[in-house]
Structures are given as structure tokens and as C-alpha cells.
1. Go through region 220-255 and count every residue that is β-branched (V, I, T) and closer than 23 Å to A101 by Cβ.
2. Among the residues of region 198-219, how many are part of a loop (DSSP other than H, G, I, E, B) and either in contact with a Phe, Trp or Tyr (Cβ under 7 Å, 6 or more places away or on another chain) or within 21 Å of E98 (Cβ to Cβ) (or both)?
3. Take I233 and decide whether it is of a type outside the set (G, A, S), closer than 30 Å to A51 by Cβ, at pLDDT 95 or above and touching a helix residue (DSSP H, G or I) at 6+ places or on another chain (Cβ under 9 Å).
4. Does F244 satisfy the condition of being in a helix (DSSP H, G or I), touching a helix residue (DSSP H, G or I) at 6+ places or on another chain (Cβ under 7 Å) and exposed (fewer than 14 other Cβ atoms within 10 Å of the Cβ)?
5. Which of the residues that make up region 188-200 are among the hydrophobic types (A, V, I, L, M, F, W, C), under 15 Å from P166 (Cα atoms) and touching a helix residue (DSSP H, G or I) at 6+ places or on another chain (Cβ under 6 Å)?
6. For region 263-295, which residues satisfy the criterion of being polar (S, T, N, Q), surrounded by fewer than 12 Cβ atoms within 10 Å (Cβ to Cβ) and at pLDDT 85 or above?
7. In region 170-180, how many are touching a Lys or Arg at 6+ places or on another chain (Cβ under 8 Å) and of a type in the set (A, V, I, L, M)?
8. Taking only region 231-241 into account, find how many residues are touching a residue at least 60 places away in the same chain (Cβ under 8 Å), surrounded by 15 or more Cβ atoms within 10 Å (Cβ to Cβ) and in a loop (DSSP other than H, G, I, E, B).
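The values are calculated or read from the model by the stated rules, or taken from the named source; none is laboratory data. Note that the coordinates shown come from a computational prediction; the quantities given were computed from them, not determined experimentally. Quick reminder, even Gly has a Cβ in these numbers, built from the backbone with ideal geometry, and neighbours come from all protein chains shown.
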Amino acid sequence: MTEDPVFCVPSGAILGHEMAGRIIERGKGAERFAIGDRVSVLPISSCGTCASCLAGEPAWCAGMALHGGGFAQYFAVSERQCIALPSTLSAEDGALVEPLAVGLHGVVMAAMEKGARVLVVGAGPIGLATIYWARKMGAGRIAVTARTRQREDMALGMGADLFIDPQAADDPAQVSAIMGGLPDIVFECVGQPGLIDRCIKLVRPRGTVVVLGLCTKMDQIDPFFAISKEVRIQMAVFYGIADFENSARALDAGDLSPRAMITDSVGLSDLPEAFEALRQRTTQCKIMVMPQSMEKASAL
């Protein structure tokens, strides 16, 4: 984490970018929220005045910066970054808004038609969020594949119809037989070298590959194979204000399935042990960090 050439986190940085909490103090000119309001926080700071910011897309502001801060008792953010949480939602729900917004943004970028065949590669939190939104937005048959079946039940609970073993998922003919045709859209939600090329081979001719996995290493694809199928490759990253708001609304509507991603909760004092445990293959999906009290939550 501190050595990655792209997403290097400097030593001493406060992590935690999936966060929610209660407003305890307001700065000068901050009037949108009152003391005591509970909010989910979009972890992107921006200028607030450019065309992207005014359109609710701070990720594309020239001055944007990602930040953490959730693994602390208190943090300061601009009111522009805050999304009000309905009274029905807990701080834990608020910390789930960020990963749900990533999945929503990816499905929106896919321009998915109703009834589309969808294959999701990866059953981590982003893959699960993608399954959730693909189902809610009208996908037909949804399949998921991952290197193990540990999260098969969780994926099915989020809306997938079936799990494809990784060996079968390497063979387009087997995928086509299982799904009733090659998928119209393949979502790459892992971020490992070689997976984009694999997804290109699995999608139907003139299908769409949406890349949500953050691979920070150099990678290769077979451009001739991609162009011979006229595959559309759509990169997708971050989210907008609307994605956050719609994710909070989905939770507020009483849909409990995203909460199944939370497999454990820890306090700040338990974080080092939790991180060490994640170095090994584990059944954990998302660990909720509860700094000090239930008034604030951040997801790991």
C-alpha cells in the first residue's frame, strides 16, 4: 500500500475513504447541514466552481484530490462532499454508499439495455455492488465468476442468477452454453493483469467490456481480437454526486441485500490485526470500522 507506484499512500496517512458520520461542528459559511445531521461523505475534494463541480462530477475537477480520514474519531470535509442520510439509515449504511456508488457508476457507463446478459468478473465489494445495480436496472441473466466460490451465496443474494467456475469461465464456448449466449456486457471488477483481455474474449461481438477493477500494473490486450469483434471497452472510475444520492435512496427504500457485504466490525484499536488478517485468503468481504462509537463508521 505504501509502495504502489500509482496509489502510493504515504506513511502516516489516515486511511478510510468509505465513511459516514455525524456533523459536530460547522465552519464559516457552511449552512447546508445542521449540527447533529448524519451524512455519507464523498472522499473527493475539489474547487467547487468549475464546470465539472457544478455538474456534480467533482472527480473530473482539475484540482480534485482523493482523501481518506475515516479511520479516525473526527475528520473535516467540505459540505459539498456530504450527502444527507435519511433517518432510517445507520452510520454503517452510510459507509456502504461509496462502494455502491462505484457499482452504480459502472452500470450507468455500460449503457445496459433491459434484459441484457451480464457477466461480472470478481465477487469482491465492487463486483457485488455491480451485480446489485445490474439487477435493479433490468439486466436479464446475470452470472458471476471468481477464483473461489466463497462468496457465491453472497453474489446470488445480491441478484446474480448463477456462479461460473473459474475454469469454465476461461472458455467462451462454455460461458455461452451456460448463459444461453455470450454476455452482452462483461464487468471486470478485480484489477489484475490479463483480465481485460480475458473479458474481451468472453463478451459477444459488438458487446461491451466495462473496466472497474483498478490495475496499477502494465497490462496487454490483443487489439486485433478486440477490433475483429468491434468490442466497446469502457473504463469507469469514481462516481458523481447523483450516484451517491441514488445509492443512499436505494438503502433507504428498505433493500437489505447490500448490508450482507459487511462480514465483521472492529474498533480502531483492532485495525492493525484486521489488516494483517486480510493479507491471507479470507472469507471476509467488507469489515466495518467503528471509531469510538456508533455515531461514525468507515468501511475497510
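1. Qualifying residue count for the region: 3.
2. 5
3. So I233 fits the description; yes.
4. Considered against the rule, which asks whether it is in a helix (DSSP H, G or I), touching a helix residue (DSSP H, G or I) at 6+ places or on another chain (Cβ under 7 Å) and exposed (fewer than 14 other Cβ atoms within 10 Å of the Cβ), F244 comes out as no.
5. Matches in region 188-200: C189 only.
6. Selection gives S269 alone.
7. 1
8. Residues in region 231-241 being touching a residue at least 60 places away in the same chain (Cβ under 8 Å), surrounded by 15 or more Cβ atoms within 10 Å (Cβ to Cβ) and in a loop (DSSP other than H, G, I, E, B): 4 in total.
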